[in-house]
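The values are calculated or read from the model by the stated rules, or taken from the named source; none is laboratory data. Keep in mind that this is a model prediction, so the values were computed, not measured. Here the Cβ is made from the backbone with ideal geometry for all residues, glycine too, and neighbour counts use every protein chain on show.
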Amino acid sequence: MNRYKLLMALPAVALATSAFATDQVIVETSAYKWAGDTIFQNEFKAWAVNPYELRSTYKARPGYYMPIDQVWKRKNDLSSYPKLSSNNLLHEAVFNMALDEMVNAVEPDTTLRTGKEWSGVWTRDVSYSIILSMTYMQPEASMISLMKKVNPSGQIIQDTGSGGAWPISTDRMVWTLAAWEIYKVTGDRKWIEKVYPIVERSLAKDEKTVMSERGLVKGETSFIDWREQSYPRWMQTVDISQSEAMGTNVMYAAALKAAGNMAEVLGKKKEAAQYFAKSRELAANIDKTFWMPDKGYYGMYTYGRDNSILNPRAETLGEALAILYDIAPAERHKSISENNPHTPYGPAIFYPQIVDIPNYHNNALWPWVASYWTLAQAKAGNEKGVLEGIGSVYRPAALFCTNKENFNLDNGDIYTELNSSNMLWCLAGNIALTTRVLFGIHFEKDGLVIAPFVPEVLAGKRTLEGFPYRGAKWNIMVEGFGNHIREIIVNGKTLNLAKTKLIPAKMLKTGGDILVKMDNKPIPAMKVNNVDNVKAPLTPVAWLVNNPALNGAGVPVDNQLEWNPIEYIGKYIVLKDGKPVAETRQTSYAAVTPGEWQVIGVSDGGVQSFASEPRSNRERIIVEFPQEATVMKSAEVSYQPTEKLDGYTGAGFVELDRNAAPVEVSVNVPEDGVYSVRLRYANGNGPVNTENKAGVRTLTLDGAKVGTVVLPHRGRGNWNDWGMTNGIRLNLSKGQHTLGIQYLPENENMNIDTNHALVDHLHIERVR
């Protein structure tokens, strides 16, 4: 299919609506076209009437429950914000619409509202928005909003995530990046003095709880926090808590670097060096674990149970942040830029899609993520990528006359599970495309770097009048095109580019004029990985059964792996302990040795399904706890049982809360080896997808701490839904051992008041 084939003839009325309608094509894909001041998509179009008015003919899909705006007109006074002058009217109007909606997003208490339909401040939403543009557009609201996301313990709040927020979801440290960005813009040392202890405490707690054996951060993919939207259906929230997400790790490595920069500002050289070293170590572990040479970008996350494998999907936000924060080695930037998949409507949240899941994170474009990706494309030097990135944000902004939350990748529509107009991080990304790409404004702790990236098709003059920086206002003009500067003139003084590209903060105290002249040389061509929007095959469902024909001395009873046939599958890959051991077209395999077994389906086109739920035919030990009860008595219970407590084994269960005494049990280990230890538990203190009351405990072996046990909530008031915690690997010698469960200060969750669960029994398997 030719992605650049025009799908429709231009409507006859287009010429009458705007002088720019027949101008040069700026972006064109198989899904839409941006020409002059008009966006065309199938029978619909949107155009700029003037810098303060957009009109659209777009109509919603039948049955959609939210109205579609077909007109935007400026409602707020924008005179205190930068004024854009451009040679493209659509560019001006879309930028001004973002400013207009930004004013709507500032609440009476001077916090930043998440979206028209979503009230309140959310840690990740506001942090990513601040980094993009709110730090210089709304510095006061940005600071107030961040401080709203600090709990009574003086730590950053993880306010959302599957199964009870932290430590299942662990991307709260993006707060650190936002806090550092505010300092770079304001130069306010008192701000760093205020936020640095918060960052210190939060990092210290995470280090005790969410670091994996591979030196990676465990937990959910940053911002993709609906379990069913990006993980296989069989994965429990506890499984997510033990996975390692590329995007979360990249963000975390950048946050460690930001913490080091904060320490430097405060003169804490030793602490700064430690944070920088940790950032470099994490970056190296990211590259080692997630890089896929055959694809030229990073995989999305590791997953499994006692063994983990890499999900080979591309995840756009993580790939973008890896470039922007130099977490990926410099030699990887070009490869990521050219190979990350780009659908006709823009960069997907992840790729390929999941076939049997509704549209929200799955099968979706989120404009703010596309904005981060476009910034990364500019840094990588990809002109074509920058244009398609800008187009992927401007198309929906113009057609829907607002900055919507997300869009269906199949048709570009807003028909998704949830959506909102006036979305904070989407309007923030919209603004950033102008300020950070076309004007190239980058903040450093000691000044500004202005490095515009202007595609040749957008050549000309554009001005930002009244851009704020450390209390001063600047008029910034960019002339020409390219990604290299010929000359920068600051208040009549030419900057010596041979010595530095940084405009020192001391040069920028008074305000005035900055003129940037580009070199007007073509940007070296790079490719974009334009692909159709592909959905992966269904995940196989596998199980273990006894096959007498395979029995022999020492062979476990469950010795045959079987799975359901899936249409359009070309072959199946059988995994044992996370490693491929066979490829077959059959739907069974002789699992004659003990291990953890899985199956992956591969389509005829070579697209892989998720791996099936791990099935173990290893020997196991079940140990009941002493002094088991059948009635809950704790005052920490948030939702009482909806039916009689049932489903436990033995005489009952042990109830855990913050005040409960440590629980210990004696275990007789039959032989030396490596064992996986889990608890069977129930937690009805919240639903699977929201709230913040995950149970957290420390596991001890013969009195010594050996790991953290995570007990996420499994359904509001549902105390009969029993599941397994994460497994902790222990080297156990033959003989008697004491395993214990206790609550320690580092086990404090985000709720603080409720940290409660029921524990049924101890489950032990020998894994090696």
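So for segment 179-191 (the condition being over 22 Å from Ala428 (Cβ atoms), without any contact (Cβ under 8 Å) to a residue 24 or more places away in the chain and surrounded by fewer than 23 Cβ atoms within 10 Å (Cβ to Cβ)), does at least one residue qualify?
Looking through segment 179-191, at least one residue is over 22 Å from Ala428 (Cβ atoms), without any contact (Cβ under 8 Å) to a residue 24 or more places away in the chain and surrounded by fewer than 23 Cβ atoms within 10 Å (Cβ to Cβ).
Looking for whichever is among the small types (Gly, Ala, Ser) and at pLDDT 95 or above here; the options are Ser202, Ser162. Which one fits?
Ser202
Restricting the search to segment 405-435, which residues are within 23 Å of Arg113 (Cα to Cα), of a type outside the set (S, T, N, Q) and out of contact with any Gly (no Cβ under 9 Å at 6 or more places or on another chain)?
Ile414, Glu417, Leu418, Leu427, Ala428, Gly429, Ile431, Ala432
Here are Ile309, Ile327: which of them is over 15 Å from the mean Cα position of the chain (by Cα), surrounded by fewer than 24 Cβ atoms within 10 Å (Cβ to Cβ) and among the β-branched types (Val, Ile, Thr)?
Ile309
Mind listing whichever residues of segment 638-679 are outside any strand (DSSP E or B), in contact with a Gly (Cβ under 8 Å, 6 or more places away or on another chain) and crowded, with 17+ Cβ neighbours inside 10 Å?
Our first condition is that a residue be outside any strand (DSSP E or B); within segment 638-679, this holds for 638-652, 657-662, 670-672.
Then drop every residue that is not in contact with a Gly (Cβ under 8 Å, 6 or more places away or on another chain), which leaves 638-642, 662.
Answer for segment 638-679, where residues must be outside any strand (DSSP E or B), in contact with a Gly (Cβ under 8 Å, 6 or more places away or on another chain) and crowded, with 17+ Cβ neighbours inside 10 Å: Ser638, Tyr639.
Given the condition hydroxyl-bearing (Ser, Thr, Tyr), farther than 30 Å from Gly466 by Cα and in a loop (DSSP other than H, G, I, E, B), answer yes or no: does some residue in segment 190-199 qualify?
Quick first cut of segment 190-199, residues hydroxyl-bearing (Ser, Thr, Tyr) only: 196.
So of that shortlist, the ones also farther than 30 Å from Gly466 by Cα come out as 196.
Now restrict to residues that are in a loop (DSSP other than H, G, I, E, B): none.
Within segment 190-199 (the criterion being hydroxyl-bearing (Ser, Thr, Tyr), farther than 30 Å from Gly466 by Cα and in a loop (DSSP other than H, G, I, E, B)), the answer is no, since none of the residues qualifies.
In segment 701-712, which residues are of a type in the set (A, V, I, L, M, F, W, C), surrounded by fewer than 22 Cβ atoms within 10 Å (Cβ to Cβ) and either under 30 Å from the mean Cα position of the chain (by Cα) or at pLDDT below 95 (or both)? Even if it seems obvious, please write down each step before you answer.
In the first step, residues of segment 701-712 are kept if they are of a type in the set (A, V, I, L, M, F, W, C); the result is 701, 704, 706, 709-711.
Pick out the ones that are also surrounded by fewer than 22 Cβ atoms within 10 Å (Cβ to Cβ) and you get 701, 704, 706.
Result: Val706, single match.
All but one of (1) of a type outside the set (Phe, Trp, Tyr); (2) surrounded by 15 or more Cβ atoms within 10 Å (Cβ to Cβ); (3) at negative phi; (4) touching a Ser or Thr at 6+ places or on another chain (Cβ under 8 Å) hold for Pro687; which doesn't?
(4)
Where in segment 545-620 are there strands (runs of 3 or more DSSP E), lying fully within it, with 1 or more residues that are at pLDDT 95 or above and closer than 30 Å to Asn668 by Cα?
Fully inside segment 545-620 and qualifying: 560-563, 569-576, 596-603.
Looking at segment 55-79 only, could you name the residues that are of a type outside the set (A, V, I, L, M) and free of Cβ contacts under 8 Å to residues at least 40 places away in the same chain?
Scanning segment 55-79 gives Thr57, Lys59, Pro62, Gly63, Tyr65, Pro67, Lys73, Arg74, Lys75, Asn76, Asp77, Ser79.
Table: residues versus (1) farther than 22 Å from His333 by Cα; (2) surrounded by fewer than 24 Cβ atoms within 10 Å (Cβ to Cβ); (3) at pLDDT 95 or above.
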{"position": "Thr248", "(1), (2), (3)": "no, no, yes"}
{"position": "Tyr252", "(1), (2), (3)": "no, no, yes"}
{"position": "Ala255", "(1), (2), (3)": "no, no, yes"}
{"position": "Ala259", "(1), (2), (3)": "yes, no, yes"}
{"position": "Glu271", "(1), (2), (3)": "yes, yes, yes"}
{"position": "Leu282", "(1), (2), (3)": "no, yes, yes"}
{"position": "Ile286", "(1), (2), (3)": "no, no, yes"}
{"position": "Trp291", "(1), (2), (3)": "no, yes, yes"}
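Please tell me if Ile514 is part of a strand (DSSP E or B) and either within 30 Å of Asn408 (Cα to Cα) or touching a Leu at 6+ places or on another chain (Cβ under 7 Å) (or both).
No; evaluated as a whole, the condition is false for this residue.
Assess whether Val541 counts as being over 30 Å from Val667 (Cβ atoms), outside the structural domain of Leu758 (by TED's automatic domain parsing), in contact (Cβ under 8 Å) with a residue 40 or more places away in the chain and in contact with a strand residue (DSSP E or B) (Cβ under 9 Å, 6 or more places away or on another chain).
Yes.
Looking only at segment 594-605, how many residues end up being loosely packed, with under 14 Cβ neighbours inside 10 Å and without any contact (Cβ under 8 Å) to a residue 40 or more places away in the chain?
1
Tell me which of these Gly554 doesn't satisfy, since it passes every other one: (1) on the phi > 0 side of the Ramachandran plot; (2) more than 32 Å from the chain's Cα centre (by Cα); (3) surrounded by 14 or more Cβ atoms within 10 Å (Cβ to Cβ).
(3)
Determine whether Ala591 is over 35 Å from the mean Cα position of the chain (by Cα), buried (at least 21 other Cβ atoms within 10 Å of the Cβ) and within 17 Å of Ala542 (Cα to Cα).
In short, yes.
Could you grab the pairs with beta carbons closer than 8 Å, sequence gap of 6+ or different chains, first residue in segment 488-505 and farther than 16 Å from Asp446 by Cα, second one surrounded by fewer than 14 Cβ atoms within 10 Å (Cβ to Cβ) and among the polar types (S, T, N, Q)?
Close Cβ pairs satisfying both conditions: Ile488/Thr494; Asn491/Thr510.
Mind counting the residues in segment 221-277 that are assigned to a helix (DSSP H, G or I), of a type in the set (D, E, K, R) and under 30 Å from Glu417 (Cα atoms)?
Result for segment 221-277: 3.
Checking the structure you have, find out if any residue of segment 119-127 is at pLDDT below 95 and out of contact with any His (no Cβ under 6 Å at 6 or more places or on another chain).
Checked segment 119-127: at least one residue is at pLDDT below 95 and out of contact with any His (no Cβ under 6 Å at 6 or more places or on another chain).
Here's the yes/no breakdown for (1) crowded, with 19+ Cβ neighbours inside 10 Å; (2) touching a Gly at 6+ places or on another chain (Cβ under 9 Å):
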residue	(1), (2)
Leu699	yes, yes
Arg714	yes, yes
Met724	no, no
Leu732	yes, yes
Leu739	yes, no
Tyr743	yes, no
Asn755	yes, yes
Leu758	yes, yes
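Report those strands (runs of 3 or more DSSP E) wholly inside segment 436-490 carrying at least 1 residues which are buried (at least 22 other Cβ atoms within 10 Å of the Cβ) and of a type outside the set (Asp, Glu).
441-444, 447-450, 460-469, 472-480
Take the residues in segment 40-94 that are touching a Pro at 6+ places or on another chain (Cβ under 9 Å) and among the acidic types (Asp, Glu), then tell me which one is surrounded by the most Cβ atoms within 10 Å (Cβ to Cβ).
Glu92
Under 8 Å between Cβ atoms, which residue pairs at least 6 apart in sequence (or on different chains) link something in segment 468-482 that is farther than 20 Å from Ser133 by Cβ and touching a residue at least 12 places away in the same chain (Cβ under 8 Å) with a partner that is of a type in the set (Lys, Arg) and assigned to a loop (DSSP other than H, G, I, E, B)?
Matching pairs, first to second residue: Gly482/Lys521.
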